Amino acid sequence: MANLEEFREETRDWIEINCPVGARGPGPVPWGSTKVKLNDASREWLERMANRGWTVPSWPTEYGGAGLSAEQYKILIDELKRVNARPPLTGRGVNYIGPTLLELGSDDQKARWLPGIARGQGGWAMGYSEPGAGSDLASLSMRATRRGDHYILNGRKIWTSDAMQADYIFVLARTAPDQPKHRGISLILVDMQQAGVQVRPIRLISGASPFNETLFEDAIADASDVVGGVDNGWTVGKRLLQFERSTHAGINTSGSQGGRSDASTMPKQIHRYTRIVEGRIADPAIRARLIRYEQNDLAQRLTQQRVIEETRAHAPGFASSAVKLTGALNNQDGDELLLHASGTQGLEWDTSETSEITRAWLRQKALTIAGGTKEIQLNIIAKRVLGLPD
Ligand SMILES: Cc1cc2nc3c(=O)[nH]c(=O)nc-3n(C[C@H](O)[C@H](O)[C@H](O)COP(=O)(O)OP(=O)(O)OC[C@H]3O[C@@H](n4cnc5c(N)ncnc54)[C@H](O)[C@@H]3O)c2cc1C
């Protein structure tokens, strides 16, 4: 116990001295992309935290982590939150493919990939979905054909978030097309800086293009970059999805546990937009919804915390689906409530402050689609958590 207290003090002092003022409070968190320029504060914070192994605090030191115990990890997060320090690094590198390699990669893969991921040297995209394979992911048809020491990749991925700025992509591809659909798939690491990989932005109605179509035409991957065994990609890919869902649920190894940060500001926001009588929200229906939202949010945070402690800072298994889903539903509920409370102002679609409420409400709709839809999570919870029959 005394050691933990010492650790807390040392951590507090170190963060106080080393976290630049510009890396505190809300702001963009780097995800490793070499195409996104970092400001000085973010770069310094990333370098200092990486040098200490605290971009991936629970990873072993040989792979760029600090080997922290679950108790130390919790203290580190508490102390970062105390000064509002932003996570130094996030993204699919530290949150999805890194933990997957740590668990299922070969020693050689761990040594080659993990230290760079821990230092944010390259951003990752995720190549799972295809035009004919979303919820039914095992229907994917992208092919990877062995030629000597390489695989030649051909196919088309869709909804690849951030692919236009990513340096690498992990893909699920068919290495044995004659096998039944859940077999003969492999998870392969691919360098995106090559002529065989083309990224086409998908323009959304808002004008933004966070998604892409990613085309592979005779793209090349090293045969040593198949993770978890050739033709074993269904198992490896599903485990990676658990890491993804854990991240969506606010549980990850990059030191950014927490999820939505504005729970305590929700009453204030509601007060700004709705009629207040004698210091109280006048509309009883809005009052009741706010109470429900706050109760659910607190329950979500406590569950999140319990799951983190139970899994000793690593991603939970099927429970990740439950925490992801309840978190997403509560976030959507909060946005719905804000929109409702803002009345006709919530219909604005310009640059006014309230238009951000409308935009957030729309954006949050994606929470129950990305990383597996609500219905798919419910199916997993029914089968794998509750043990109900198929
Ligand atoms: C914000 C966001 C980011 C994303 N980023 C990525 C990314 O980086 N990389 C990537 O590979 N993909 C990404 N995706 C794609 C995402 O994984 C898919 O959209 C998702 O898996 C659903 O697939 P689909 O869109 O093909 O819908 P479909 O699978 O066609 O589903 C349509 C509807 O049918 C329902 N349905 C389907 N099957 C069942 C079933 N068995 N039981 C009950 N209901 C069912 C679904 O719940 C849904 O409501 C992203 C999606 C979003 C929204």
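The values are calculated or read from the model by the stated rules, or taken from the named source; none is laboratory data. Everything numeric in this text was worked out from a predicted model, so none of it was measured. Every residue, glycine among them, receives a Cβ derived from its backbone with ideal geometry; neighbour counts consider all protein chains shown.
Quick notes on this structure:
This table checks each residue for (1) among the hydrophobic types (A, V, I, L, M, F, W, C); (2) under 22 Å from PRO316 (Cα atoms); (3) in contact with a strand residue (DSSP E or B) (Cβ under 8 Å, 6 or more places away or on another chain); (4) not in a helix (DSSP H, G or I).
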{"residue": "GLU16", "(1), (2), (3), (4)": "no, no, no, no"}
{"residue": "GLY27", "(1), (2), (3), (4)": "no, no, no, yes"}
{"residue": "LEU38", "(1), (2), (3), (4)": "yes, no, no, yes"}
{"residue": "GLY67", "(1), (2), (3), (4)": "no, yes, no, yes"}
{"residue": "ASN95", "(1), (2), (3), (4)": "no, yes, no, no"}
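- When the residues of the range 105-144 are filtered to those that are in a strand (DSSP E or B) and touching a residue at least 12 places away in the same chain (Cβ under 8 Å), the one that is nearest to ASN95 (Cα to Cα) is TRP124.
- Among the residues of the range 367-379, the ones that are surrounded by 15 or more Cβ atoms within 10 Å (Cβ to Cβ) and in a helix (DSSP H, G or I) come to 6 in all.
- Test: residue in the range 349-360 that is farther than 19 Å from ARG239 by Cβ, within 16 Å of the ligand (Cβ to nearest atom), part of a helix (DSSP H, G or I) and modelled with pLDDT under 90: yes
- Members of the range 151-163 found to be among the aliphatic types (A, V, I, L, M) and within 12 Å of the ligand (Cβ to nearest atom), listed by number: ILE158, ALA163
- Neighbours by Cβ (under 8 Å, 6+ apart or cross-chain): first from the range 160-179, outside the structural domain of ASP136 (by TED's automatic domain parsing) and closer than 15 Å to LEU137 by Cα; second part of a strand (DSSP E or B) and within 15 Å of the ligand (Cβ to nearest atom): none
- The set of residues in the range 136-150 that are of a type in the set (Asp, Glu) and more than 15 Å from the ligand (Cβ to nearest atom) contains only ASP149.
- Members of the range 50-78 found to be of a type in the set (Asp, Glu) and at pLDDT below 95, listed by number: GLU71, ASP78
- On the stretch given as the range 345-361, residues that are out of contact with any His (no Cβ under 9 Å at 6 or more places or on another chain) and touching a residue at least 12 places away in the same chain (Cβ under 8 Å) total 7.
- Subset tally (residues that are surrounded by fewer than 16 Cβ atoms within 10 Å (Cβ to Cβ) and in contact with a Pro (Cβ under 7 Å, 6 or more places away or on another chain)) for the range 39-80: 1
- Once the range 78-135 is narrowed to residues that are over 24 Å from LYS37 (Cβ atoms) and of a type in the set (Lys, Arg), the residue that is farthest from the ligand (Cβ to nearest atom) is ARG82.
- Top-ranked residue in the range 202-252 [being of a type in the set (A, V, I, L, M, F, W, C) and in a helix (DSSP H, G or I); ranked as nearest to THR145 (Cα to Cα)]: ALA223
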